[in-house]
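Right, one structure below, let's go through it.
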Amino acid sequence: MVTFDYAASAELFIPKRRGSPSLSYRRFATAAEAVRFAVEEFPSIRTLGAWMQVGEERFNGDDIRRLYESASYPRRRRQRKSR
C-alpha cells in the first residue's frame, strides 16, 4: 500500500468553465491544504474537471475526494450541517 504525502507541496487546477481551456491555478504549501480547499470550497470538484499535481503525480476530482475522506487525512474536516 502506497502512502500519500500530505505535507508535500501541491498545485490545484480548476477549469473556469466545463470544457474551457482556461484554468484557475493555485499553489499550496501542503497537499493537505489543497485537498481541503478543493473539497470544501468546490463541492462539485469532480464534475468541474479539476485536478491536483503533487510532485510527478496527478490526481483527479475522485482522487482528491478519496484523499479528503481517508483516515490518514491530517486536518480537521468541515462539519456537515445537520438538518
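The values are calculated or read from the model by the stated rules, or taken from the named source; none is laboratory data. Note that this is a predicted model, so its numbers are computed, not measured. Virtual Cβ from ideal backbone geometry, glycine too; neighbours counted across all protein chains shown.
Annotations for the structure displayed:
- Picking from residues in segment 22-36 that are touching a strand residue (DSSP E or B) at 6+ places or on another chain (Cβ under 8 Å) and exposed (fewer than 12 other Cβ atoms within 10 Å of the Cβ), the one that is nearest to PHE4 (Cα to Cα) is ARG27.
- The lone criterion from (1) modelled with pLDDT under 80; (2) over 20 Å from PRO74 (Cβ atoms) left unmet by SER24 is number (1).
- Residue satisfying all of: in segment 4-21; assigned to a loop (DSSP other than H, G, I, E, B) and modelled with pLDDT of 85 or more; surrounded by the fewest Cβ atoms within 10 Å (Cβ to Cβ) among these: ALA7
- The set of residues from segment 37-71 being crowded, with 18+ Cβ neighbours inside 10 Å and either of a type in the set (Lys, Arg) or in contact (Cβ under 8 Å) with a residue 60 or more places away in the chain (or both) comprises just one member, LEU67.
- Looking at segment 31-83, none of the helices (runs of 4 or more DSSP H) lying wholly inside it contains 2 or more residues that are polar (S, T, N, Q) and at pLDDT below 90.
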